[in-house]
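Below is one structure, written out as structure tokens; the observations come after it.
The values are calculated or read from the model by the stated rules, or taken from the named source; none is laboratory data. Everything numeric here is computed off the predicted structure, so don't read it as measured data. All Cβ positions, glycine included, derive from the backbone under ideal geometry; neighbour counts span all protein chains shown.
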Amino acid sequence: MDNMTTFSIVRIVDALSVASQLRPEYMRTLAAAGFRSVINNGPDFEGGANQPTSTQLEAAARAAGPDCRHMPAPSAGHAWGQALSMASTVDALPHPVLAFCRKGRRSTALYRGKGAA
């Protein structure tokens, strides 16, 4: 994908791939690559003041076409209910889905239910 050298996309299952922090300008390229939905698992400003907000990311996704959900989770563990919500949201959204967070690991763990307290 052009203009996206700062992160990689890893396929978890057919319906879901994960990536590190996205930027609003990536949404059109993600849509062109076939992603129909995006889930943001990072809290606003987790990466500092330069990190785009969930509102900015949702607006860019809406303009580009993919459905977008903000489902923030802490970087150090999450509740079992958050993992269940992540799995059901992935199931409900148009596929394929790209979930992201600061490094991508939390999105993977949430989907797989790992790290739940």
Q: Kindly check whether there is at least one residue in the stretch 76-96 that is part of a loop (DSSP other than H, G, I, E, B), modelled with pLDDT under 95 and either buried (at least 21 other Cβ atoms within 10 Å of the Cβ) or touching a Leu at 6+ places or on another chain (Cβ under 9 Å) (or both).
A: no
Q: Output the residues belonging to the stretch 32-42 that are surrounded by fewer than 22 Cβ atoms within 10 Å (Cβ to Cβ) and touching a strand residue (DSSP E or B) at 6+ places or on another chain (Cβ under 8 Å).
A: R36
Q: Specify which of the listed residues (P94, P52) is under 19 Å from A31 (Cβ atoms), in contact with a strand residue (DSSP E or B) (Cβ under 8 Å, 6 or more places away or on another chain) and not acidic (D, E).
A: P94
Q: Please work out if T29 is free of Cβ contacts under 8 Å to residues at least 12 places away in the same chain and surrounded by fewer than 16 Cβ atoms within 10 Å (Cβ to Cβ).
A: no
Q.
Can you go through S54, S20, S8 and tell me which one is modelled with pLDDT under 95, among the small types (G, A, S) and surrounded by 15 or more Cβ atoms within 10 Å (Cβ to Cβ)?
A. S20
Q: Tell me, yes or no, whether the stretch 36-44 has at least one residue that is modelled with pLDDT of 95 or more and either farther than 14 Å from L22 by Cβ or in a helix (DSSP H, G or I) (or both).
A: yes
Q | Candidate set: the stretch 104-117, residues that are of a type outside the set (A, V, I, L, M, F, W, C) and modelled with pLDDT of 90 or more; chosen: the one nearest to L22 (Cα to Cα) | A | G104
Q: Being in contact with a Lys or Arg (Cβ under 8 Å, 6 or more places away or on another chain) and of a type in the set (S, T, Y) is the filter here, so list the residues in the stretch 15-35 that pass it.
A: S17, S20
Q) Would you say T29 is modelled with pLDDT under 95 and not in a loop (DSSP other than H, G, I, E, B)? A) yes
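Residues are listed down the side, and each one gets a yes or a no for (1) free of Cβ contacts under 8 Å to residues at least 40 places away in the same chain; (2) closer than 19 Å to I9 by Cβ:
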position	(1), (2)
P66	yes, yes
R69	yes, yes
G77	no, no
A83	yes, no
T89	no, yes
P94	no, yes
K103	no, yes
